[in-house]
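Taking it in order: structure first as structure tokens, then the write-up.
The values are calculated or read from the model by the stated rules, or taken from the named source; none is laboratory data. Source: prediction; values computed, not measured. Glycine also receives a Cβ, built like all others from the backbone with ideal geometry; neighbour counts cover every protein chain displayed. Each accessible area value is taken on the protein alone, full model and side chains, heavy atoms only, with ligands, DNA and RNA left out. Shrake-Rupley method; radii C 1.70, N 1.55, O 1.52, S 1.80 Å.
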Amino acid sequence: MKKNCFAVMLILCLAATTLYANGGQEASSGPRTVSIEVWTREGGINHWRADLAVEAAKELNAQLKAEGSQITVEAVPVLDEGDWGGYKKKYSLAADSGEAPLIVVSGHEDIATWGQAGYIVPLASSVEEIQGETEQFADVIPSLWNCASWHGNIWGVPQDTEARPMYFNKTLLKKVGFTDAQIAQLPKDIEEGKFTLQDLVSTAQKAVEMGGVEPGYGYWHRPKKGGDFVQFYRAFGGEIYDAQEDKLVVTRDALVRFYAFQRSCVETGITPATYIGTEWNIWHDVVSNNKALFFNGGTWMWADWAKNYAEGGEDALFANIGYAYEPSGIRGRKGSTLSHPLVYLISSERASGSTDQELAKRLIALMTTTERNTRHAVESGHLGILQSQARYDAYTSNKFLADVTYLLDNNFYQPNHVLYGTWFDSLWDNMVAAEQGEKSPEEAAEDAVKIMKLELDDQLIVK
Amino acid sequence: MRKHKRSLTGYWFILPAAVLVVLYFFIPVILTLGISLTNMSSVTGFSNWSWTGLANYIKILKHPDSGSNFATTLIYVACTLSFFNVGMGLLVAILAHHMPKRLGEIFRSLWLLPRITPPVVYVLMWTMLAADAPYGVINQLFRIPFGLSTSNWLPEYAMLFAVLVNGYIGASFGMILFSSAIEAIPNDIMVSSLVDGASFFNRARYIILPQLKWPLLFVTTYQTLSLLTSFESILILTDGNFGTEVWALWSYHKALNNYYGNFQYGFGAALSAVLVFVGVIFAIIYLKYFKFNDLVKEPLIDEL
């Protein structure tokens, strides 16, 4: 009796499995809608990062139809208004629970960490391979693929990039005795290393002493945590990464000089003693309305100021504000800028539960057209990522973008290393302590190195 | 036989609380301790981690920030607890009790406002209060009109603001408990003290305070443990800058929120485990100091 029961159950199970399998086959060969979520941080002027997917999906669907496919792609843009830390946490936790979006836009420095964790998939094994895949990928500025590479593979498609100029207020410079010719020459002098960070401090200090600029408004750096500060560490000779060894590097002396520079800004009265943490809306309002003499920020801020802050809009900005490389801290050494391309990354099957990575890649290619990327670049003040944009009217007719694109001639990227975030935290925390006077520059540098050694262990080279 | 039945009934009553404590305290603590012994991070994900023994705890011992962050935590907890959660809570409860009933109710309600305001809105209000001239309210109303120097007060007095922001929220908790405890004091004792000529201070000192020993123990212990692990308002207020990186925020930054998204779950869990240990030590000290065993002793008159 028992044997009979077992046999019946076995047959039923096999039948159910066969039916299930057949059902599955029917489902996969029949019409199918693939929903592709595209996550990006920030709506506002950056909304196209994800919103372009909707239009691109229409084009992709037309292509699929022409190919005889029964698949329909539905793009779902998700704009996250939180901070970067929260956004990355959301993605990490979603990926670990198999609920990540198929496409995520994030900084290229996440490639190492997320690649190592298995959250994202490599897109190609070489630059040549990815360039050969579509005309759009062939059009991407070749050097940008470097920051999308890690351990020999290409993991992301550049979405936008930017420069982080040192802005200066021409009106205030005139007020303290600069001639038009000197102002016009300033970007060139910074580029060639004739006007250094020390010159910036002394100029701003003089401007404050002369009464042309209010105390504390001579120089406003970024008020909150961000990659910008790496520029100053590097400007004083700091090294970040040893590509041969694939290890992070810290240069102790450069760290001391960098921290001493930050402290000197407070001690000379050109930056408020209680400055770090200033609210962004206050910061934007001050710098875009002729109160600060020097200030450093990203090119994307220009678009924000023009739209939301500057009285008189972009015309007033052009009349009052100039831009240049970040000055060097070493005389004779060229000014440079940090570029921080965001990239489109594709989640793995384990992270997203989806097997449609190829479709996601096709969608990204269609979001990366000259026209579409330019729409984002112009509206958000980001620099283009395609070679064709240099010849594209809508891009070249944007005066600001045309003016600042040359900054990419001497730019650098942050490294794609799994522990870069930890390295940066130590750099930042101790910079704050040094600027605030809680530690001397030497003590702060010493602590930064100690923490890096402790947290990075054999992944750090101390110079 | 009867006694046996009574004790079983007691266990049934304690069961829901016991389940909650196991679910929301013991299991998370065990998980935290487990994770703290691993190298789990964004890099390893939740599946490729390995056991590292006490490596994270050794890292904490060697870390240059451990001492200062621990000191910051103690200062923050001690100041918020003594000046607000217990001190201000008690003061408001006693004052409100001595006010006309309606006025007392309004007075108490005002202290509840910070608690019912969404934390982000509430903390942003403080930020705009403290902001540099010409934006901040302190500068606008109290400094500029009198020709006094202006500043960005938040970074200048960051710990003070951290304590004030949390204190105004926390005071209401103690206030409610102390108020109800004061209301529960038999009226004849309160009235007879007045008849005997006790002043307001005498009554507070010799009648009210001794009756509040139990709520005082509870509020002090509970709020110490809460403050040790609370960091949300400091996160929004200063993000740990200007010497306000309390231990819990440090743990959060390491494990779950930093700019480049490199989360060290294992190290963060070890930092949290230290807090659990410190919390337990504090709780034991309080229970000893307030003679908890005496408080829960069976009454001498057992059955009427």
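Within region B:48-131, considering only helices (runs of 4 or more DSSP H) that don't extend past its boundaries, which have at least 2 residues that are open to solvent by less than 70 Å² (accessible area, probe 1.4 Å), out of contact with any strand residue (DSSP E or B) (no Cβ under 8 Å at 6 or more places or on another chain) and farther than 16 Å from B:Val165 by Cβ? Spell out how you get there, then give the answer.
Values: elements: B:55-62, B:64-79, B:87-97, B:101-116, B:119-130.
Once the helices (runs of 4 or more DSSP H) in region B:48-131 are filtered for at least 2 residues that are open to solvent by less than 70 Å² (accessible area, probe 1.4 Å), out of contact with any strand residue (DSSP E or B) (no Cβ under 8 Å at 6 or more places or on another chain) and farther than 16 Å from B:Val165 by Cβ, what remains is B:55-62, B:64-79, B:87-97, B:101-116.
Here's the yes/no breakdown for (1) at pLDDT below 95; (2) within 12 Å of another protein chain (Cβ to nearest Cβ):
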{"residue": "B:Leu15", "(1), (2)": "yes, no"}
{"residue": "B:Phe26", "(1), (2)": "yes, no"}
{"residue": "B:Val29", "(1), (2)": "yes, no"}
{"residue": "B:Ser36", "(1), (2)": "no, no"}
{"residue": "B:Asn39", "(1), (2)": "yes, yes"}
{"residue": "B:Ser42", "(1), (2)": "yes, yes"}
{"residue": "B:Ile58", "(1), (2)": "no, yes"}
{"residue": "B:Pro64", "(1), (2)": "yes, yes"}
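Quick check on region A:102-115. Is at least one of its residues more than 25 Å from A:Gly226 (Cα to Cα) and either away from every other protein chain (no Cβ under 14 Å) or among the polar types (S, T, N, Q) (or both)?
Yes, the conditions are met somewhere in region A:102-115.
Is at least one residue of region A:128-139 within 13 Å of chain B (Cβ to nearest Cβ), crowded, with 18+ Cβ neighbours inside 10 Å and modelled with pLDDT of 95 or more?
no
Take A:Ile276 and decide whether it is closer than 28 Å to A:Thr40 by Cβ and either buried (at least 20 other Cβ atoms within 10 Å of the Cβ) or at pLDDT 95 or above (or both).
For A:Ile276, the condition - closer than 28 Å to A:Thr40 by Cβ and either buried (at least 20 other Cβ atoms within 10 Å of the Cβ) or at pLDDT 95 or above (or both) - is met.
A:Asp304 passes all but one of (1) open to solvent by less than 20 Å² (accessible area, probe 1.4 Å); (2) outside any loop (DSSP other than H, G, I, E, B); which number fails?
It fails just one condition, (1).
With respect to A:Ser264, determine if the residue is away from chain B (no Cβ under 14 Å) and under 18 Å from A:Lys439 (Cα atoms). Reasoning before the result, please.
Numbers: away from chain B (no Cβ under 14 Å): yes; under 18 Å from A:Lys439 (Cα atoms): yes.
Taking the combined requirement at face value, the residue satisfies it.
Taking region A:244-260, which residues are hydrophobic (A, V, I, L, M, F, W, C) and without any contact (Cβ under 8 Å) to a residue 60 or more places away in the chain? So that I can check it myself, show each step before the final result.
Just the residues of region A:244-260 that are hydrophobic (A, V, I, L, M, F, W, C), to begin with: A:248-250, A:254-256, A:258, A:260.
Within region A:244-260, A:Ala254 is the sole residue that qualifies.
Assess whether A:Arg333 counts as being charged (D, E, K, R) and either out of contact with any helix residue (DSSP H, G or I) (no Cβ under 6 Å at 6 or more places or on another chain) or within 14 Å of chain B (Cβ to nearest Cβ) (or both).
The answer is yes for A:Arg333.
Enumerate the pairs (first residue in region A:72-87 and among the basic types (Lys, Arg); second residue anywhere and open to solvent by 40 Å² or more (accessible area, probe 1.4 Å)) with beta-carbon separation below 6 Å, excluding pairs fewer than 6 apart on the same chain, so at least 6 apart or on different chains.
Correct list of pairs: empty, since none qualify.
Pick from region B:132-149 the residues that are in a helix (DSSP H, G or I) and in contact with a helix residue (DSSP H, G or I) (Cβ under 7 Å, 6 or more places away or on another chain): which of them is most open to solvent (accessible area, probe 1.4 Å)?
Pass one, region B:132-149, residues in a helix (DSSP H, G or I): B:137-146.
Pick out the ones that are also in contact with a helix residue (DSSP H, G or I) (Cβ under 7 Å, 6 or more places away or on another chain) and you get B:137-138.
Details: B:Val137: 58, B:Ile138: 38 Å².
Per the stated criteria, the residue is B:Val137.
List the number of the failed condition for A:Glu214; all other conditions in (1) assigned to a helix (DSSP H, G or I); (2) surrounded by fewer than 23 Cβ atoms within 10 Å (Cβ to Cβ) hold.
Failing condition for A:Glu214: (1).
When you check A:Val432 against the structure, is it within 9 Å of another protein chain (Cβ to nearest Cβ) and either open to solvent by 20 Å² or more (accessible area, probe 1.4 Å) or among the hydroxyl-bearing types (Ser, Thr, Tyr) (or both), yes or no?
Judged against the criteria, A:Val432 is not a match.
Between a residue in region B:247-267 that is at positive phi and touching a residue at least 60 places away in the same chain (Cβ under 8 Å) and any residue that is buried (at least 23 other Cβ atoms within 10 Å of the Cβ) and assigned to a loop (DSSP other than H, G, I, E, B), which pairs come within a Cβ distance under 8 Å, given they are 6 or more apart or on different chains?
B:Gly261/B:Ser42
Of (1) at pLDDT below 90; (2) among the aliphatic types (A, V, I, L, M); (3) open to solvent by 60 Å² or more (accessible area, probe 1.4 Å), B:Leu225 satisfies all except one. Which?
The failed condition is (1).
Being surrounded by 20 or more Cβ atoms within 10 Å (Cβ to Cβ) and either within 8 Å of chain B (Cβ to nearest Cβ) or farther than 25 Å from A:Phe137 by Cα (or both) is the filter here, so list the residues in region A:90-101 that pass it.
Applying the first criterion (surrounded by 20 or more Cβ atoms within 10 Å (Cβ to Cβ)) to region A:90-101 yields A:91-92, A:95, A:100-101.
The answer is A:Tyr91, A:Ser92, A:Ala95.
Among A:Glu192, A:Glu81, which is the only one that is at pLDDT 95 or above and open to solvent by 50 Å² or more (accessible area, probe 1.4 Å)?
Just one listed residue meets the conditions, A:Glu192.
Can we say B:Ala273 is open to solvent by less than 20 Å² (accessible area, probe 1.4 Å) and within 24 Å of B:Ile30 (Cβ to Cβ)?
Working: open to solvent by less than 20 Å² (accessible area, probe 1.4 Å): yes; within 24 Å of B:Ile30 (Cβ to Cβ): yes.
Yes.
Among A:Gly227, A:Gly238, which is part of a loop (DSSP other than H, G, I, E, B), away from chain B (no Cβ under 14 Å) and open to solvent by less than 40 Å² (accessible area, probe 1.4 Å)? Show your work before the answer.
Numbers: A:Gly227 fails: away from chain B (no Cβ under 14 Å).
Only one candidate qualifies: A:Gly238.
Residues being touching a Leu at 6+ places or on another chain (Cβ under 6 Å) and modelled with pLDDT under 95: count how many of those fall in region A:361-404.
Adding up the residues that qualify gives 1.
Assuming A:Gly322 fulfils every condition listed in (1) surrounded by fewer than 21 Cβ atoms within 10 Å (Cβ to Cβ); (2) away from every other protein chain (no Cβ under 14 Å); (3) over 20 Å from A:Gln231 (Cα atoms) apart from one, which condition is it?
(3)
Just name the residue that is surrounded by the most Cβ atoms within 10 Å (Cβ to Cβ) out of those in region A:435-445 that are touching a residue at least 12 places away in the same chain (Cβ under 8 Å) and charged (D, E, K, R).
The qualifying residue surrounded by the most Cβ atoms within 10 Å (Cβ to Cβ) is A:Glu435.
Please go through (1) at pLDDT below 90; (2) more than 14 Å from chain B (Cβ to nearest Cβ); (3) surrounded by fewer than 16 Cβ atoms within 10 Å (Cβ to Cβ) for A:Gly86 and return the number of the only condition it doesn't satisfy.
(2)
Give region A:114-140 a look and list any residue that's without any contact (Cβ under 8 Å) to a residue 40 or more places away in the chain and of a type in the set (S, T, N, Q), or say none.
A:Ser125, A:Ser126, A:Gln131
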